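Here's the structure, in structure tokens; my notes come after.
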Amino acid sequence: MSNRFINLLVPIISIILGLLVGAAVMWFSGYDPVAGYIALWNGIFGDMYSIGETIRQISPYILAGLAVAFAFRSGLFNIGVEGQLIVGWFAAAYVGMAFELPKFIHLPLALIAAALAGALWGLIPGILKATLHVHEVIVTIMMNYIALHTVNALIKAVSEGGYKTEKIHQTASLRSEFLSNLTDFSTLHYGIFVALAMVAVMWFILEKTKTGFELKSVGFNDHASQYAGMNVKKNIILSMVVSGAFAGLGGAMEALGTFGNMVTRGGFTGIGFDGIAVALLGANTPLGVIFGASLFGSLKYGAGNMPNEAGVPIEIVSIVIALIIFFVASGYIIRVLLSKMKKKKEAK
């Protein structure tokens, strides 16, 4: 077996194992796994509406995954993507509702505001890490809660005590009548193209620029990078800022595309935390994040059809989805086993 064949085989085996173990869980729980998986498939690909909603679900997952992956590639663990996404969501919603501008100015301005808000929320743990060596995991976790409650307070302030912002103006919207009509009036919007553009941006930064080379070098070995003359502190801060910008744009997908406003929240969206799994599934590469987000987003949206069509309780559905993701994330173990089989066959 060639290495290329192994790379192709690992995710396929992982998904099959996850589906089989998930089927066993459904069967032992007294539910029909075949009906369950048919319902999952129909929830993802059953009709044009489902396909549109699935793609729409994937958009913020791509950006959350890019945010986590970019920090990982620089040797940092950004657990604060959730908070950065929330502040980006609010910034985009506020700019979208507070100003009346031509679309070619208003929409980019709202997207930039979201990116800047997320970048600012990433800047703080970046500075603390670079200057005081405060671990970014602790700071970013705390920043999530600060973001949640700060944004709730801001929503009440701009809505004069209400629980949601006003709807954004059409000039700031990512909504697409063409895409909606194409997918039987789903909420699919132009955000998917923004997300894919950011995949290209991350690839370009990391693979084609001096800055990207330095960021990856610092991630591999900060001491060696410093010895080579690189500014380690600057690169740590820059990594968190860019990571936060990606996360902020993830919030803009919800503000400008899916919902058109923002409401006060009693808890987190979960998208930022799911971004960790997306990045790991995608091996922290831009292209891999697309596949990881596609798998994660599809399972998340399609799973909602399993209780309705197959009668599988949502608790069992969550276990099944977690098992599939677990086996995909455990691809390294499968890769090692396949490599050992390859060496044994070559020895013979």
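The values are calculated or read from the model by the stated rules, or taken from the named source; none is laboratory data. Predicted, not measured: the structure shown is a model, and the values here were computed from it. A quick note on method: Cβ atoms are made from the backbone with ideal geometry, for glycine too, and the neighbour counts reach across all protein chains shown. We work out accessible area using only protein heavy atoms, side chains counted, and drop any ligands, DNA or RNA first. Shrake-Rupley method; radii C 1.70, N 1.55, O 1.52, S 1.80 Å.
Scalar couplings 3J(HN,Hα) for the stretch 29-42, obtained by applying the Karplus form with A = 6.51, B = -1.76, C = 1.60 to θ = phi - 60°, are 8, x, 10, 7, x, 5, 5, x, 6, 5, 5, 4, 4, 5 Hz; x denotes Gly and Pro.
Over the chain, accessible surface divided per residue gives 48 Å², non-protein components excluded, 1.4 Å probe.
Using a Gaussian network model of the chain with C-alpha springs under 10 Å, which one of A303, A197, A117 is most mobile by mean-square fluctuation? Result for the chain, Cα springs under 10 Å: A197 fluctuates most.
As a fraction of the 1.4 Å probe accessible area of the chain, surface on carbon and sulfur atoms comes out at 68 percent. Residue-wise HN-Hα couplings along the stretch 173-179, as the Karplus relation 6.51 cos²θ - 1.76 cosθ + 1.60 with θ = phi - 60° gives them from phi, are 8, 8, 4, 10, 5, 5, 5 Hz; Gly and Pro carry x. For K156, a cut-off of 30 angstrom between C-alpha atoms picks up these lysines, skipping any fewer than 8 places away in its own chain: K103, K164, K167. When the residues E315, E160, E254, E309 are ordered by accessible surface, computed with a 1.4 Å probe over the protein chains alone, the sequence from largest down reads E160, E315, E309, E254.
Panel values: the stretch 1-87, Kirkwood radius from alpha carbon pairs, Stokes-Einstein at 37 °C and 0.692 mPa s, translational diffusion coefficient 201 µm²/s. Across every direction, the projection of the convex hull enclosing the Cα atoms of the stretch 117-240 has a mean area of 11.0 nm².
Per residue, the convex hull spanned by the Cα atoms of the stretch 169-274 measures out at 152 cubic angstrom. Simple point charges give the picture: +1 on the Cβ of Lys and Arg, -1 on the Cβ of Asp and Glu, and for the chain a dipole about the Cα centre of about 1380 debye. Note on the stretch 38-55 and the stretch 254-274: Cα centroid distance 22 Å, given to the nearest whole angstrom. For trypsin sites (Lys or Arg not before Pro), no site in the stretch 183-266 is both called loop by DSSP and has at most 13 other Cβ atoms within 10 Å.
A viscosity of 1.306 mPa s and a temperature of 10 °C, combined with the Kirkwood radius over C-alpha pairs in the Stokes-Einstein formula, give the chain a diffusion coefficient of 75 µm²/s. Converting phi to 3J(HN,Hα) with the Karplus coefficients 6.51, -1.76 and 1.60 and the offset θ = phi - 60°, the stretch 133-147 yields 6, 6, 5, 5, 5, 5, 5, 5, 4, 5, 5, 4, 5, 4, 4 Hz in sequence order, with x at every glycine or proline.
If the chain linking T150 and L182 were pulled fully straight, counting 0.36 nm for each residue of separation and taking away their Cα-Cα distance, it would gain 7.7 nm.
For the modelled label position 7 Å from the Cα of F45 along Cα-to-Cβ, which residues of the stretch 15-29 have backbone nitrogen atoms closer than 15 Å? In the stretch 15-29, the label zone of F45 (backbone N under 15 Å from the point 7 Å along Cα→Cβ) covers 16.
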